[in-house]
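For reference, the structure discussed in these notes is given below.
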Amino acid sequence: MGFKTDAIHAGQEPDPSTGAVTVPIYQTSTYVQEGLGKHKGFEYARTQNPTRMALERNMAVLERGVAGYAFASGMAATTALTQLLLKQGDHAICSDNVYGGTFRLFDKIVRHYGVEFTYVDTSVLTNIEKAVRPNTRMVFIETPTNPLMSITDIRGVCEIAHRRDCRVVVDNTFMSPYYQRPIELGADIVVHSTTKYLNGHSDSVGGVAVLKRKEDAEQLQFIQNAAGGILSPFDSWLVLRGIKTLPVRMEAHNVNGMAMAKHLSERKDVRKVYYPGLPNHPGHELAKKQMSGFGGMIAFELGDLDRARKFLERVRLCSLGESLGGVETLISHPATMTHASVPPDERNRLGITDGLVRFSVGIEDIDDLIADVDAAFL
Ligand SMILES: Cc1ncc(COP(=O)(O)O)c(C=O)c1O
(Lines give C-alpha, C1' and ligand atoms only; values in the text may rest on other atoms or scores of the structure.)
Protein backbone atom coordinates (compact mmCIF):
# COMPACT_ATOMS: atom_id res chain seq x y z
CA MET A 1 0.00 0.00 0.00
CA GLY A 2 1.00 3.63 -0.31
CA PHE A 3 2.57 5.36 2.67
CA LYS A 4 -0.54 7.40 3.50
CA THR A 5 -2.71 4.28 3.49
CA ASP A 6 -0.22 2.39 5.64
CA ALA A 7 0.02 5.31 8.09
CA ILE A 8 -3.71 4.94 8.74
CA HIS A 9 -4.23 1.19 8.44
CA ALA A 10 -1.04 -0.87 8.77
CA GLY A 11 -1.05 -3.13 11.81
CA GLN A 12 -4.55 -2.09 12.84
CA GLU A 13 -7.71 -4.00 12.12
CA PRO A 14 -11.09 -2.98 13.54
CA ASP A 15 -11.36 -4.34 17.08
CA PRO A 16 -12.47 -8.01 16.76
CA SER A 17 -14.84 -7.94 19.74
CA THR A 18 -16.73 -4.67 19.02
CA GLY A 19 -15.76 -3.51 15.54
CA ALA A 20 -14.33 -0.27 16.98
CA VAL A 21 -12.58 1.54 14.13
CA THR A 22 -9.63 2.64 16.24
CA VAL A 23 -7.50 0.29 18.28
CA PRO A 24 -8.76 0.51 21.89
CA ILE A 25 -6.51 1.49 24.77
CA TYR A 26 -6.03 -1.86 26.47
CA GLN A 27 -5.44 -0.43 29.93
CA THR A 28 -4.75 -3.69 31.69
CA SER A 29 -1.79 -5.15 33.53
CA THR A 30 -2.68 -8.80 32.95
CA TYR A 31 -5.04 -11.22 31.15
CA VAL A 32 -7.27 -14.01 32.44
CA GLN A 33 -6.02 -17.45 31.42
CA GLU A 34 -8.43 -20.31 30.76
CA GLY A 35 -6.16 -22.87 32.36
CA LEU A 36 -2.49 -23.59 32.88
CA GLY A 37 -0.70 -22.61 29.69
CA LYS A 38 -4.05 -21.87 27.97
CA HIS A 39 -4.45 -18.22 26.94
CA LYS A 40 -5.07 -16.01 23.93
CA GLY A 41 -1.39 -15.12 23.43
CA PHE A 42 -1.47 -12.43 26.11
CA GLU A 43 -0.03 -13.20 29.54
CA TYR A 44 1.27 -10.02 31.13
CA ALA A 45 1.19 -6.43 29.83
CA ARG A 46 4.92 -5.72 29.99
CA THR A 47 5.35 -8.61 27.57
CA GLN A 48 2.30 -8.09 25.33
CA ASN A 49 -0.17 -5.25 25.03
CA PRO A 50 -2.49 -5.04 22.00
CA THR A 51 -2.36 -1.23 21.75
CA ARG A 52 1.43 -1.13 21.91
CA MET A 53 1.71 -4.05 19.49
CA ALA A 54 -0.51 -2.24 16.94
CA LEU A 55 1.87 0.73 17.05
CA GLU A 56 4.87 -1.57 16.73
CA ARG A 57 3.38 -3.33 13.68
CA ASN A 58 2.48 0.02 12.14
CA MET A 59 6.00 1.42 12.59
CA ALA A 60 7.61 -1.76 11.23
CA VAL A 61 5.63 -1.29 8.01
CA LEU A 62 6.32 2.46 7.71
CA GLU A 63 10.07 2.01 8.27
CA ARG A 64 10.23 -1.15 6.10
CA GLY A 65 11.61 -3.37 8.88
CA VAL A 66 10.66 -6.85 10.12
CA ALA A 67 9.51 -5.65 13.55
CA GLY A 68 9.35 -2.61 15.80
CA TYR A 69 9.40 -2.21 19.57
CA ALA A 70 8.03 0.77 21.47
CA PHE A 71 9.69 2.20 24.57
CA ALA A 72 8.91 4.74 27.28
CA SER A 73 11.02 7.43 25.58
CA GLY A 74 13.41 7.89 22.68
CA MET A 75 16.27 7.50 25.16
CA ALA A 76 14.80 4.24 26.50
CA ALA A 77 14.74 2.93 22.89
CA THR A 78 18.39 3.93 22.35
CA THR A 79 19.34 2.38 25.71
CA ALA A 80 17.77 -0.91 24.63
CA LEU A 81 19.76 -0.75 21.37
CA THR A 82 23.02 -0.39 23.28
CA GLN A 83 21.98 -3.49 25.26
CA LEU A 84 21.32 -5.28 21.97
CA LEU A 85 24.52 -4.32 20.16
CA LEU A 86 27.27 -3.59 22.67
CA LYS A 87 29.08 -5.56 25.32
CA GLN A 88 32.25 -5.06 27.35
CA GLY A 89 35.30 -4.60 25.09
CA ASP A 90 33.30 -3.36 22.09
CA HIS A 91 33.77 -0.10 20.27
CA ALA A 92 31.13 2.16 18.72
CA ILE A 93 31.24 5.19 16.42
CA CYS A 94 28.77 8.02 16.79
CA SER A 95 28.01 11.27 14.93
CA ASP A 96 29.70 14.10 16.81
CA ASN A 97 26.66 16.33 16.89
CA VAL A 98 23.94 13.93 17.94
CA TYR A 99 21.17 14.93 20.32
CA GLY A 100 22.85 15.87 23.62
CA GLY A 101 20.94 13.19 25.55
CA THR A 102 22.30 10.47 23.24
CA PHE A 103 25.86 11.67 23.87
CA ARG A 104 25.12 11.79 27.61
CA LEU A 105 23.83 8.19 27.59
CA PHE A 106 26.88 6.89 25.72
CA ASP A 107 29.45 8.99 27.57
CA LYS A 108 28.12 8.95 31.11
CA ILE A 109 26.53 5.51 31.31
CA VAL A 110 27.35 3.00 28.55
CA ARG A 111 31.08 3.89 28.54
CA HIS A 112 31.31 2.75 32.16
CA TYR A 113 30.34 -0.77 31.08
CA GLY A 114 33.63 -1.04 29.19
CA VAL A 115 32.44 0.15 25.76
CA GLU A 116 34.57 2.72 23.92
CA PHE A 117 33.01 5.43 21.76
CA THR A 118 34.61 7.52 19.01
CA TYR A 119 32.75 10.68 17.98
CA VAL A 120 33.38 11.86 14.42
CA ASP A 121 31.78 14.13 11.87
CA THR A 122 29.94 11.35 10.04
CA SER A 123 29.07 13.67 7.14
CA VAL A 124 32.66 12.94 5.99
CA LEU A 125 32.78 9.20 5.24
CA THR A 126 36.56 8.94 5.51
CA ASN A 127 36.23 9.90 9.19
CA ILE A 128 34.26 6.70 9.70
CA GLU A 129 36.76 4.63 7.65
CA LYS A 130 39.53 5.93 9.90
CA ALA A 131 37.64 5.36 13.15
CA VAL A 132 36.57 1.76 12.46
CA ARG A 133 38.36 -0.92 14.50
CA PRO A 134 38.13 -4.73 14.42
CA ASN A 135 35.87 -4.57 17.52
CA THR A 136 33.51 -1.82 16.18
CA ARG A 137 29.98 -3.17 16.56
CA MET A 138 27.78 -0.11 16.09
CA VAL A 139 27.81 3.07 14.02
CA PHE A 140 25.14 5.41 15.39
CA ILE A 141 24.19 8.30 13.14
CA GLU A 142 21.67 11.06 13.26
CA THR A 143 20.86 12.64 9.89
CA PRO A 144 20.02 15.47 9.72
CA THR A 145 21.79 16.17 13.02
CA ASN A 146 20.34 18.03 15.95
CA PRO A 147 20.68 21.02 15.83
CA LEU A 148 23.03 21.82 12.91
CA MET A 149 21.17 19.82 10.27
CA SER A 150 24.31 18.20 8.91
CA ILE A 151 23.62 15.32 6.49
CA THR A 152 25.32 11.91 6.56
CA ASP A 153 25.31 9.54 3.58
CA ILE A 154 23.39 6.55 4.98
CA ARG A 155 24.30 4.25 2.06
CA GLY A 156 27.98 5.20 2.34
CA VAL A 157 28.07 4.51 6.09
CA CYS A 158 26.40 1.12 5.57
CA GLU A 159 28.95 0.13 2.93
CA ILE A 160 31.80 0.78 5.38
CA ALA A 161 30.11 -0.80 8.42
CA HIS A 162 28.90 -3.89 6.58
CA ARG A 163 32.39 -4.88 5.54
CA ARG A 164 32.59 -5.91 9.19
CA ASP A 165 30.16 -7.33 11.72
CA CYS A 166 28.93 -3.86 12.57
CA ARG A 167 25.35 -2.57 12.70
CA VAL A 168 24.25 0.85 11.50
CA VAL A 169 21.65 2.61 13.65
CA VAL A 170 19.98 5.75 12.31
CA ASP A 171 18.10 8.19 14.52
CA ASN A 172 15.36 9.21 12.10
CA THR A 173 13.49 11.50 14.50
CA PHE A 174 13.90 14.68 12.44
CA MET A 175 12.66 13.30 9.12
CA SER A 176 10.20 10.56 10.12
CA PRO A 177 9.68 7.65 7.71
CA TYR A 178 7.58 9.95 5.54
CA TYR A 179 10.68 11.79 4.30
CA GLN A 180 13.49 9.28 4.95
CA ARG A 181 13.56 5.50 5.25
CA PRO A 182 17.05 4.44 6.39
CA ILE A 183 16.40 0.67 6.13
CA GLU A 184 15.71 1.09 2.40
CA LEU A 185 19.13 2.78 2.20
CA GLY A 186 20.85 -0.16 3.90
CA ALA A 187 20.64 0.66 7.63
CA ASP A 188 20.06 -2.17 10.12
CA ILE A 189 18.04 -0.31 12.74
CA VAL A 190 16.03 2.90 12.89
CA VAL A 191 15.30 4.64 16.17
CA HIS A 192 12.85 7.45 16.89
CA SER A 193 11.80 9.69 19.65
CA THR A 194 8.04 9.34 19.02
CA THR A 195 7.74 12.40 21.25
CA LYS A 196 8.46 14.48 18.12
CA TYR A 197 6.94 14.20 14.62
CA LEU A 198 5.43 10.72 14.94
CA ASN A 199 3.12 11.70 17.77
CA GLY A 200 3.21 15.27 16.54
CA HIS A 201 1.05 16.99 19.15
CA SER A 202 3.49 17.58 22.04
CA ASP A 203 1.41 15.48 24.42
CA SER A 204 3.34 12.23 24.81
CA VAL A 205 6.90 11.02 25.43
CA GLY A 206 7.95 7.77 23.75
CA GLY A 207 10.40 5.95 21.52
CA VAL A 208 10.46 3.18 18.96
CA ALA A 209 13.12 1.05 17.30
CA VAL A 210 12.54 -0.78 13.99
CA LEU A 211 14.84 -3.58 12.87
CA LYS A 212 15.79 -5.06 9.52
CA ARG A 213 17.12 -8.40 10.76
CA LYS A 214 14.95 -11.07 12.31
CA GLU A 215 17.65 -12.15 14.79
CA ASP A 216 18.06 -8.56 16.05
CA ALA A 217 14.29 -8.21 16.33
CA GLU A 218 13.96 -11.35 18.44
CA GLN A 219 16.75 -10.21 20.76
CA LEU A 220 15.32 -6.68 21.12
CA GLN A 221 11.93 -8.13 21.99
CA PHE A 222 13.65 -10.14 24.70
CA ILE A 223 15.39 -6.99 25.99
CA GLN A 224 12.17 -4.95 25.89
CA ASN A 225 10.51 -7.52 28.12
CA ALA A 226 13.51 -8.27 30.33
CA ALA A 227 14.59 -4.67 30.92
CA GLY A 228 10.99 -3.43 30.84
CA GLY A 229 11.20 0.10 29.40
CA ILE A 230 7.87 -0.27 27.55
CA LEU A 231 5.56 2.43 26.17
CA SER A 232 2.23 2.70 28.04
CA PRO A 233 -1.04 1.75 26.32
CA PHE A 234 -2.30 5.35 26.39
CA ASP A 235 0.91 6.76 24.90
CA SER A 236 0.89 3.99 22.28
CA TRP A 237 -2.64 5.00 21.35
CA LEU A 238 -1.68 8.68 21.13
CA VAL A 239 1.25 7.90 18.83
CA LEU A 240 -0.91 5.62 16.66
CA ARG A 241 -3.41 8.45 16.34
CA GLY A 242 -0.64 10.95 15.56
CA ILE A 243 0.84 8.76 12.82
CA LYS A 244 -2.46 8.73 10.90
CA THR A 245 -1.85 12.39 10.01
CA LEU A 246 1.95 12.16 9.75
CA PRO A 247 2.03 12.61 5.93
CA VAL A 248 -0.17 15.73 5.92
CA ARG A 249 1.64 17.23 8.90
CA MET A 250 5.09 16.58 7.43
CA GLU A 251 4.09 18.21 4.16
CA ALA A 252 2.88 21.27 6.04
CA HIS A 253 6.06 21.37 8.19
CA ASN A 254 8.11 21.12 5.01
CA VAL A 255 6.34 24.03 3.29
CA ASN A 256 6.59 26.25 6.38
CA GLY A 257 10.17 25.15 7.08
CA MET A 258 11.30 26.15 3.59
CA ALA A 259 9.47 29.49 3.74
CA MET A 260 10.91 30.32 7.17
CA ALA A 261 14.44 29.26 6.18
CA LYS A 262 14.29 31.49 3.10
CA HIS A 263 12.93 34.37 5.14
CA LEU A 264 15.62 34.05 7.82
CA SER A 265 18.39 33.84 5.23
CA GLU A 266 17.20 37.12 3.69
CA ARG A 267 17.49 38.97 7.03
CA LYS A 268 20.73 40.89 7.56
CA ASP A 269 20.69 40.29 11.34
CA VAL A 270 20.80 36.51 10.84
CA ARG A 271 24.40 35.45 10.24
CA LYS A 272 23.83 31.89 9.08
CA VAL A 273 20.88 29.58 8.47
CA TYR A 274 21.19 25.80 8.69
CA TYR A 275 18.43 24.13 6.64
CA PRO A 276 19.11 21.27 4.21
CA GLY A 277 16.49 22.60 1.78
CA LEU A 278 18.60 25.70 1.04
CA PRO A 279 20.92 25.22 -1.96
CA ASN A 280 23.86 26.72 -0.03
CA HIS A 281 23.60 24.04 2.70
CA PRO A 282 26.65 21.72 2.36
CA GLY A 283 24.41 18.63 2.51
CA HIS A 284 21.76 19.90 0.09
CA GLU A 285 22.55 17.57 -2.85
CA LEU A 286 22.81 14.49 -0.63
CA ALA A 287 19.63 15.50 1.21
CA LYS A 288 17.79 15.62 -2.12
CA LYS A 289 18.95 12.06 -2.84
CA GLN A 290 18.20 10.33 0.45
CA MET A 291 15.26 12.38 1.73
CA SER A 292 12.03 13.23 -0.09
CA GLY A 293 11.47 16.47 1.85
CA PHE A 294 13.47 18.72 4.17
CA GLY A 295 11.11 18.97 7.14
CA GLY A 296 10.57 21.75 9.65
CA MET A 297 13.83 21.95 11.62
CA ILE A 298 16.04 25.00 11.18
CA ALA A 299 18.96 26.40 13.17
CA PHE A 300 20.24 29.93 12.78
CA GLU A 301 23.08 31.98 14.16
CA LEU A 302 22.50 35.34 15.80
CA GLY A 303 26.11 36.02 16.85
CA ASP A 304 26.05 36.02 20.66
CA LEU A 305 24.10 35.01 23.76
CA ASP A 306 22.64 38.45 24.35
CA ARG A 307 21.06 38.64 20.88
CA ALA A 308 19.81 35.06 21.13
CA ARG A 309 18.30 35.72 24.58
CA LYS A 310 16.53 38.88 23.43
CA PHE A 311 15.12 37.12 20.39
CA LEU A 312 13.93 34.12 22.40
CA GLU A 313 12.27 36.34 25.00
CA ARG A 314 10.49 38.52 22.45
CA VAL A 315 8.74 35.90 20.33
CA ARG A 316 5.06 35.54 21.24
CA LEU A 317 3.46 32.97 18.92
CA CYS A 318 6.56 30.76 18.79
CA SER A 319 6.94 29.16 22.22
CA LEU A 320 10.30 28.83 23.95
CA GLY A 321 10.55 25.15 24.81
CA GLU A 322 12.80 22.07 24.65
CA SER A 323 11.05 19.75 22.25
CA LEU A 324 10.30 19.68 18.52
CA GLY A 325 8.07 18.09 15.92
CA GLY A 326 4.70 19.27 17.27
CA VAL A 327 2.07 21.13 15.29
CA GLU A 328 2.95 24.29 17.22
CA THR A 329 6.16 26.21 16.57
CA LEU A 330 8.78 25.71 19.27
CA ILE A 331 11.98 27.63 19.52
CA SER A 332 14.97 26.76 21.67
CA HIS A 333 18.54 27.57 22.61
CA PRO A 334 20.61 24.38 22.15
CA ALA A 335 23.69 25.57 24.12
CA THR A 336 21.72 25.98 27.37
CA MET A 337 18.86 23.56 26.72
CA THR A 338 19.11 20.37 24.60
CA HIS A 339 22.93 20.38 24.41
CA ALA A 340 23.80 21.66 27.89
CA SER A 341 25.29 18.21 28.65
CA VAL A 342 27.90 18.66 25.86
CA PRO A 343 31.07 20.32 27.26
CA PRO A 344 31.36 24.04 26.20
CA ASP A 345 34.61 23.56 24.21
CA GLU A 346 33.08 20.69 22.29
CA ARG A 347 29.91 22.72 21.66
CA ASN A 348 31.93 25.60 20.23
CA ARG A 349 33.99 23.27 18.07
CA LEU A 350 30.79 21.82 16.63
CA GLY A 351 29.22 25.23 15.99
CA ILE A 352 26.62 24.97 18.76
CA THR A 353 27.45 28.50 19.81
CA ASP A 354 25.75 30.72 22.39
CA GLY A 355 24.17 32.65 19.52
CA LEU A 356 22.57 29.59 17.89
CA VAL A 357 18.78 29.34 17.94
CA ARG A 358 16.83 26.24 16.89
CA PHE A 359 13.43 26.41 15.30
CA SER A 360 10.89 23.60 15.08
CA VAL A 361 8.58 25.23 12.59
CA GLY A 362 4.98 24.22 13.22
CA ILE A 363 2.03 24.16 10.87
CA GLU A 364 0.44 27.50 11.80
CA ASP A 365 -0.15 30.15 9.10
CA ILE A 366 3.32 31.03 7.85
CA ASP A 367 2.46 34.76 7.66
CA ASP A 368 1.74 34.76 11.40
CA LEU A 369 5.01 32.97 12.15
CA ILE A 370 7.04 35.35 9.99
CA ALA A 371 5.35 38.38 11.58
CA ASP A 372 6.20 37.00 15.05
CA VAL A 373 9.84 36.44 14.08
CA ASP A 374 10.19 39.88 12.49
CA ALA A 375 8.67 41.59 15.55
CA ALA A 376 11.16 39.77 17.81
CA PHE A 377 14.08 41.24 15.84
CA LEU A 378 12.92 44.87 16.27
C1 LIG B 1 17.00 13.52 17.55
C2 LIG B 1 16.56 13.06 18.91
N3 LIG B 1 16.73 11.78 19.25
C4 LIG B 1 16.35 11.32 20.46
C5 LIG B 1 15.77 12.15 21.39
C6 LIG B 1 15.38 11.60 22.75
O7 LIG B 1 14.01 11.37 22.79
P8 LIG B 1 13.13 11.41 24.13
O9 LIG B 1 13.14 12.81 24.62
O10 LIG B 1 11.79 10.93 23.67
O11 LIG B 1 13.77 10.48 25.09
C12 LIG B 1 15.56 13.49 21.07
C13 LIG B 1 14.94 14.39 22.06
O14 LIG B 1 14.92 15.60 21.90
C15 LIG B 1 15.97 13.96 19.80
O16 LIG B 1 15.81 15.25 19.45
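The values are calculated or read from the model by the stated rules, or taken from the named source; none is laboratory data. Here the structure is a predicted model, which is why all the values come from computation and not from measurement. Backbone-built Cβ (ideal geometry, glycine too); neighbour counts: all protein chains shown. Note: areas computed on protein heavy atoms with side chains; ligands, DNA, RNA excluded. Shrake-Rupley method; radii C 1.70, N 1.55, O 1.52, S 1.80 Å.
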In debye, nearest 20, what is the charge dipole magnitude of the chain about its Cα centre with +1 on Lys and Arg Cβ and -1 on Asp and Glu Cβ, if you could check? 560 debye
Rounded accessible area per residue of segment 1-89, 1.4 Å, Å²: 53 Å²
Give the distance, in whole Å, between the Cα centre of segment 86-148 and the Cα centre of segment 223-272. 24 Å
Relative contact order of the chain (C-alpha contacts under 8 Å, at least 6 apart) in percent is 18 percent
Rounded to 10°, Cα long-axis angle of helix 74-85 versus longest principal axis of the chain: 60 degrees
When each pair of different Cα atoms in segment 28-169 is counted once in the 1/r mean, what is the Kirkwood radius in angstroms, to one decimal? 17.1 Å
At 37 °C and a viscosity of 0.692 mPa s, what translational diffusion coefficient does Stokes-Einstein give for segment 192-323, taking Rh as the Kirkwood radius over Cα pairs? Give it in µm²/s as a whole number. 186 µm²/s
Within the accessible area of segment 1-45 (1.4 Å probe), percent carbon and sulfur: 60 percent
What number, rounded to the nearest 500 deg cm²/dmol, is the helix-based mean residue ellipticity at 222 nm of the chain, given -39500 (n - 2.57) per DSSP H run of at least four residues and division by all its residues? -11000 deg cm²/dmol
Can you tell me the accessible area per residue over segment 98-182, all protein chains present, probe 1.4 angstrom, in square angstrom? 37 Å²
Want the number for Arg57 to Thr22: 0.36 nm per residue separation, take away the alpha-carbon distance, what's left? 11.1 nm
Accessible solvent surface per residue of segment 284-378, calculated while the other protein chains remain in place, 1.4 angstrom probe, Å²: 42 Å²
Taking the highest mean first, how do the peptides 89-96, 1-8 order by number of other beta carbon atoms within 10 angstrom per residue? 89-96, 1-8
Say R0 is 56 Å: what FRET efficiency, to the nearest 0.05, do Asp269 and Lys38 get from their beta-carbon distance? 0.20
Can you give me the distance in nm between label points at Gln88 and Asp121, each placed 7 Å from the Cα along the Cα-to-Cβ direction? 3.7 nm
Straight-line reach from Lys262: which aspartates and glutamates have Cα under 15 Å away, leaving out those fewer than 8 places along the same chain? Glu301, Asp367, Asp374
Could you name the aspartates and glutamates in cross-link range of Lys196, using Cα to Cα under 18 Å and dropping any fewer than eight places away on the same chain? Glu56, Glu63, Glu142, Asp171, Asp235, Glu251, Glu322, Glu328, Glu364
May I ask you to derive the relative contact order of segment 188-306, considering only C-alpha pairs under 8 Å and at least 6 residues apart, and to give it as an integer percent? 21 percent
Binned Cα-Cα distance frequencies in segment 177-266 - 5 Å width, integer %: 3, 12, 17, 18, 19, 15, 7, 4, 3, 1, 0
May I ask for the angle, rounded to the nearest 10°, between helix 366-377 and the longest principal axis of the chain, with both axes built from Cα atoms and the value confined to 0 to 90°? 50 degrees
Calculate what fraction, in whole %, of the accessible area of segment 274-377 sits on carbon and sulfur atoms when a 1.4 Å probe is rolled over the protein chains. 51 percent
Provide the descending list of Cα extents for the chain along its principal axes, expressed in whole angstroms. 73, 51, 34
Using the alpha-carbon atoms, what tilt in degrees (0 to 90, nearest 10) does helix 50-62 show relative to the longest principal axis of the chain? 60 degrees
Peptides ranked, highest mean first, by Cβ atoms within 10 Å: ranges 109-120, 347-358, 51-62: 51-62, 347-358, 109-120
Full-extension gain between Asp304 and Met337, please, as 0.36 nm times their residue separation minus the C-alpha to C-alpha distance. 10.3 nm
